[in-house]
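Undergrad: Once you've had a glance at the structure underneath, I'll fire off some questions.
The values are calculated or read from the model by the stated rules, or taken from the named source; none is laboratory data. All values derive from a computational prediction rather than experimental measurement. Every residue, glycine as well, gets a Cβ built from its backbone with ideal geometry; the counts of neighbours run over all protein chains shown. Please note that ligands, DNA and RNA were not included when accessible areas were found on the heavy atoms of the full protein model with its side chains. Shrake-Rupley method; radii C 1.70, N 1.55, O 1.52, S 1.80 Å.
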Amino acid sequence: ATWRNNVCEQFGIPLDILPTVHPPGEFIGGVTQNASEITGLKVGTPVLPGMPDLVASLLSVGAVHTYESAAYYGTAGLVPVMKDDLLSAMFAPYPIEERGLTPQDGYIFDYPTYSLTTGDIVRWFRDEFAPLEMEKERQENSKNAYAYLDDLAESIPPGSDGLILLPYLLGQRSPEFNPQASGVFFGLRKGHTRGHLYRAILESFGFNIRHGLESFYPQGHPIKRLIATGGGARSPLWRQIVSDITGLRQEYVPDADAPLGCAYLAGLALGWFEDFQPLQNDWVKVKAITQPNLEAGEIYAAAYHLYLELHTALKPVFNNNIVT
């Protein structure tokens, strides 16, 4: 196990100042007397290297095989794809080239979808264009402003009557990296309402997921099971829109977080669990399942192709700094 030498060389970081790299599930020692006095932890308490928050989040929803993933409806929107089952990755040495795997931009993950402003756009729209809904939330205390906006969007047909959003308000990260890219509403007509704008925002995440999967895996992506999580996944409408656009069934797991994944990893490392069966059977609770609507999917197919045309047509505009 080692650091990525080429990256360290690129940034002038001497390898001898870096600690030894260990797989996430390896027992590397116990709490020392000095550390115990500082932290209050018992001497000898097992210490593990741990893992990045994304890996822990995937573990917390039970996405542990290469054919499983999570759609994270957060401030940023993510759908990572694993190149190796987590059980193997947690205890095996790195880099993965030694195990016959070929990385593109990471060791065990691809990021077909990494949208920097998924939930951020939703929040921006609420703050800038939904003062009435925010006031209703304060006065009635029955549901939040996002739920009221969902009501508006639900009355709008799939495809938002020709309104499309390129959701690059902070640039584009995946499937193409372009910090020059900007957000664009296209097809705006006099008959469009706030409901159209809001629905177009929700639809843009579905288009982004489909674009990423098709770009990274032109012969067909590996995902057979997708788990929806994150604050935005509370919206049944948003989950339905994403399933309709991508054709993917989603399982909604509301009570998922990285610390739960870390806790389960500790149990694996200490031998309390042998595999992920208790996690998937007992720990992870699926609250709802969203099936794609084929009729809506046919409508979205045409809207998606327009989304791709806009993405391609506007790249030279973005790259020439005409839009900043």
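Undergrad: Which residue is most open to solvent (accessible area, probe 1.4 Å), if the candidates are limited to region 207-235 and must be basic (Lys, Arg) and under 15 Å from the mean Cα position of the chain (by Cα)? I'd like the intermediate steps shown before the answer.
TA: First pass over region 207-235, keeping only residues basic (Lys, Arg): 210, 224-225, 234.
Checking which are under 15 Å from the mean Cα position of the chain (by Cα) leaves us with 210, 225, 234.
Numbers: Arg210: 52, Arg225: 50, Arg234: 172 Å².
Among residues in region 207-235 that are basic (Lys, Arg) and under 15 Å from the mean Cα position of the chain (by Cα), the one most open to solvent (accessible area, probe 1.4 Å) is Arg234.
Undergrad: Here's a follow-up. When you go through Glu251, Glu295, Glu309, Glu274 one by one, which is the residue that is out of contact with any Pro (no Cβ under 7 Å at 6 or more places or on another chain), farther than 18 Å from Arg199 by Cβ, in a helix (DSSP H, G or I) and among the charged types (D, E, K, R)? Show your work before the answer.
TA: Working: Glu251 fails: in a helix (DSSP H, G or I); Glu295 fails: farther than 18 Å from Arg199 by Cβ; Glu274 fails: in a helix (DSSP H, G or I).
Every option except Glu309 fails the conditions.
Undergrad: Would you say Leu78 is part of a helix (DSSP H, G or I) and either within 21 Å of Ala228 (Cβ to Cβ) or open to solvent by less than 70 Å² (accessible area, probe 1.4 Å) (or both)?
TA: Values: part of a helix (DSSP H, G or I): no; either within 21 Å of Ala228 (Cβ to Cβ) or open to solvent by less than 70 Å² (accessible area, probe 1.4 Å) (or both): yes.
Against the criterion (part of a helix (DSSP H, G or I) and either within 21 Å of Ala228 (Cβ to Cβ) or open to solvent by less than 70 Å² (accessible area, probe 1.4 Å) (or both)), Leu78 does not qualify.
Undergrad: Determine, yes or no, whether Ala269 is touching a residue at least 24 places away in the same chain (Cβ under 8 Å), closer than 22 Å to Met51 by Cα and either of a type in the set (A, V, I, L, M) or crowded, with 19+ Cβ neighbours inside 10 Å (or both).
TA: Working: touching a residue at least 24 places away in the same chain (Cβ under 8 Å): yes; closer than 22 Å to Met51 by Cα: yes; either of a type in the set (A, V, I, L, M) or crowded, with 19+ Cβ neighbours inside 10 Å (or both): yes.
For Ala269, the condition - touching a residue at least 24 places away in the same chain (Cβ under 8 Å), closer than 22 Å to Met51 by Cα and either of a type in the set (A, V, I, L, M) or crowded, with 19+ Cβ neighbours inside 10 Å (or both) - is met.
Residue-by-condition table, conditions (1) among the charged types (D, E, K, R); (2) closer than 21 Å to Trp238 by Cβ:
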position	(1), (2)
Leu265	no, no
Ala269	no, no
Phe276	no, no
Asn281	no, no
Ala288	no, yes
Leu294	no, yes
Glu309	yes, no
Ala313	no, no
Phe318	no, no
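Undergrad: Inside region 23-49, can you point out the residues that are under 23 Å from Leu87 (Cβ atoms) and either open to solvent by 30 Å² or more (accessible area, probe 1.4 Å) or free of Cβ contacts under 8 Å to residues at least 12 places away in the same chain (or both)? Reasoning before the result, please.
TA: At the first step, the residues of region 23-49 found to be under 23 Å from Leu87 (Cβ atoms) are 23-29, 46-49.
Within region 23-49, Glu26, Phe27, Ile28, Pro46, Val47, Leu48, Pro49 qualify.
Undergrad: Okay, next question. Go through Phe216, Phe185, Phe177 for me and flag whichever is closer than 29 Å to Met82 by Cβ and without any contact (Cβ under 8 Å) to a residue 40 or more places away in the chain.
TA: Details: Phe216 fails: without any contact (Cβ under 8 Å) to a residue 40 or more places away in the chain; Phe185 fails: closer than 29 Å to Met82 by Cβ.
That would be Phe177, the only listed residue that is closer than 29 Å to Met82 by Cβ and without any contact (Cβ under 8 Å) to a residue 40 or more places away in the chain.
Undergrad: Return the residues of region 275-310 that are among the β-branched types (Val, Ile, Thr), open to solvent by 60 Å² or more (accessible area, probe 1.4 Å) and under 21 Å from the mean Cα position of the chain (by Cα); say none if nothing qualifies.
TA: Result: Val286, Ile289.
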